[in-house]
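Enquirer: Below are the structure tokens for one structure; questions will follow.
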Amino acid sequence: MIEKSVNIIVLNWNQKKLSLDCLKSLERATYQNKHIVFVDNGSDDGSANAVQNYYPNVEIIRSEKNLGYAKGNNFGFKSTIQQAVYTIFLNNDTFVDPSFIEPLINQLEEEPNTIQVVPKIYFADNKDSIWYAGGNANLAFAQINHRGIRSKDHEKYNLIKEVDYATGCCFCMRTSDFISLGMFDENFQMYGEDVDLSLKARNSGGIITYVPKSQIWHHVSSSIGGKYSFSKWKRKFRSIYKLILKYSNPLFFPFTFLLLFLNAVSNFIILSLLRIFRIK
């Protein structure tokens, strides 16, 4: 069987070592018809030059400034020298199982109504602990969360499952579908753009599928400010607010925004305590 082409877009901002480790794992991927696109988001740590030296076959696209997640990935997607049949978006603070691509492509090949596929994702510093085993989104109750997060891996997480959204940490879709959905909404800069894309896919009649045979590991919180970041907290709840405005029934806004406020306050208190006591 002839492998269809896949572009893997890896977005980086000032994370040279993590990016090199990610690319090293991608080089070992068993899927042959792949093209790796490294998008440097205005870094000043020599990331792009290091990639050029160590991985000369990787396409490098440079932005003069940090465009954020949505705009940066769109920029890389539009700027690549060649489009492929499939596109994988992958965080640079990850490393992958050598065979992570094949199960994703097979699922898209076998299920025409599936628009996005997403792997099982573990914590990199606790390799048997789940970070993502599917995404749940209930905007009426202001809830967006990962299924199985911080749970020890279990056979119940080994079943292919339709989910509400694919995390932006890693997902794959047909390139034509990504274009038809309008790519990432650049009104989201960090957080929410992945959920937004999946909601657009579902509203078009598509299915989001969790494929656990595909596996990667994520250095959680490496992307923006660390484990106890108030910036991360603020961005997260601002994005949920935008998603509610965009997709929820206005009749439920008072109830939904009350729940969002209470959720934000409780999370702020927990975050403050974690920063004080540095609980891991």
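Read-outs throughout are calculated quantities, based only on the coordinates presented, and are distinct from any laboratory measurement. Computed from a predicted structure; not experimentally measured. Glycine also receives a Cβ, built like all others from the backbone with ideal geometry; neighbour counts cover every protein chain displayed.
Enquirer: Taking 7 Å along the Cα-to-C-beta vector as the label spot, tell me the Y247-Q52 distance in nanometres, rounded to one decimal.
Expert: 4.0 nm
Enquirer: Which stretch or stretches of segment 183-214 have amide N atoms under 12 Å from the point lying 7 Å from E162's Cα along the Cα→Cβ direction?
Expert: Label zone hits: 202-203, 205-210.
Enquirer: Then there is this: Tell me, K152, K246, K16 in order of fewest to most beta-carbon neighbours within 10 Å?
Expert: On the way: K152 10, K246 15, K16 18.
Least to most surrounded, the residues fall as K152, K246, K16.
Enquirer: On a 0 to 90° scale, report how tilted helix 68-79 is relative to the longest principal axis of the chain, with both axes built from alpha carbons and the result rounded to the nearest 10.
Expert: Roughly 30 degrees between the two axes.
Enquirer: Next question, about the same structure. For a distance above 26 Å, tell me the whole-number percent of Cα pairs in segment 1-145 that qualify. Numbers along the way, then the final one.
Expert: On the way: 2981 of 10440 pairs.
The share of Cα pairs beyond 26 Å in segment 1-145 comes to 29 percent.
Enquirer: Which of the three applies to segment 89-225, rounded, prolate or oblate, going by the alpha-carbon gyration tensor with a ≥ b ≥ c and a/c under 1.5 meaning rounded? Could the numbers behind the result be given before it?
Expert: Numbers: a/c = 1.43, a/b = 1.19, b/c = 1.20.
Note, shape of segment 89-225 comes out rounded.
Enquirer: Using a cut-off of 12 Å between beta-carbons, work out the net charge of the residues near N113 (Lys and Arg +1, Asp and Glu -1, N113 not included).
Expert: Values: positive: R174, R202; negative: E110, E111, E162, D177.
Cβ neighbours under 12 Å give a net charge of -2.
Enquirer: Taking every pair of Cα atoms in the chain, average 1/r, invert it to obtain the Kirkwood radius, and report Rg/Rh to two decimals. Could you put the intermediate results ahead of the total?
Expert: On the way: Rg = 18.3 Å, Rh = 19.2 Å.
We get a ratio of 0.95 for the chain.
Enquirer: Distance check, please: which entries in K16/K65; K17/K65; K16/K200; K34/K120; K16/K71 exceed 23 angstrom between their Cα atoms?
Expert: Values: K16/K65 16 Å; K17/K65 20 Å; K16/K200 33 Å; K34/K120 20 Å; K16/K71 20 Å.
Check vs 23 Å cut-off fails for K16/K200.
Enquirer: Using Cα atoms only, what is the angle between the long axis of helix 101-110 and the major principal axis of the chain, expressed in degrees (0 to 90) to the nearest 10?
Expert: 80 degrees
Enquirer: Among I88, I101, I144, determine the one that fluctuates most according to a GNM of the chain built with springs between C-alpha atoms less than 10 Å apart.
Expert: I144
Enquirer: Can you tell me the FRET efficiency between N145 and R62 if r is taken as the Cβ-Cβ distance and R0 is 45 Å, rounded to the nearest 0.05? Could the numbers behind the result be given before it?
Expert: On the way: r = 35 Å, r/R0 = 0.78.
Computed FRET efficiency for N145 and R62: 0.80.
Enquirer: Which is farthest toward the positive dipole end of the chain among V96, L23, I240, measuring Cα position about the Cα centre, with Cβ charges +1 (Lys, Arg) and -1 (Asp, Glu)?
Expert: Among V96, L23, I240, the one farthest towards the positive end of the dipole of the chain is I240.
Enquirer: Would you kindly derive the ³J(HN,Hα) couplings of segment 126-137 from the backbone phi angles with the Karplus curve 6.51 cos²θ - 1.76 cosθ + 1.60 (θ = phi - 60°), listing them in order in whole Hz, with x for Gly and Pro?
Expert: Each residue of segment 126-137 in turn: 8, 5, 10, 9, 6, 9, 8, 10, x, x, 10, 9 Hz.
Enquirer: What does the charge count around L197 come to, taking other residues whose C-beta lies under 15 Å from its C-beta (Lys +1, Arg +1, Asp -1, Glu -1)?
Expert: Values: positive: K71, R174, K200, R202, K242, K246; negative: D164, D177, D185, E186, E193, D194, D196.
Once positives and negatives cancel, what remains is -1.
Enquirer: Nearest 10 degrees is fine. How inclined is helix 16-27 to the longest principal axis of the chain, computing both from alpha carbons?
Expert: 60 degrees
Enquirer: Find out how many positive minus negative residues lie around N49, taking Lys and Arg as positive, Asp and Glu as negative, among other residues whose Cβ is under 13 Å from that of N49.
Expert: On the way: positive: K16, R62; negative: D40, D44, D45.
Local charge sum for N49: -1.
Enquirer: Which percentage, to the nearest 5, of the DSSP beta bridges contained in the chain is antiparallel?
Expert: On the way: 22 of 49 bridges.
Restricted to the chain, the bridges split so that about 45 percent are antiparallel.
Enquirer: Out of residues 5 or more away from V39 or on other chains, whose amide H comes under 5 Å of its own, with H placed 1.01 Å from N in the peptide plane?
Expert: Under 5 Å from the amide H of V39 lie the amide H atoms of V10, L11, N12, I61, each far enough along the sequence or on another chain.
Enquirer: Quote to one decimal, in nm, the extra length available between S5 and Q82 on full extension: 0.36 nm per residue of separation minus the C-alpha distance between them. Intermediate values should be presented prior to the final figure.
Expert: Working: separation 77, 0.36 × 77 = 27.72 nm, distance 1.01 nm.
Answer, rounded to one decimal: 26.7 nm.
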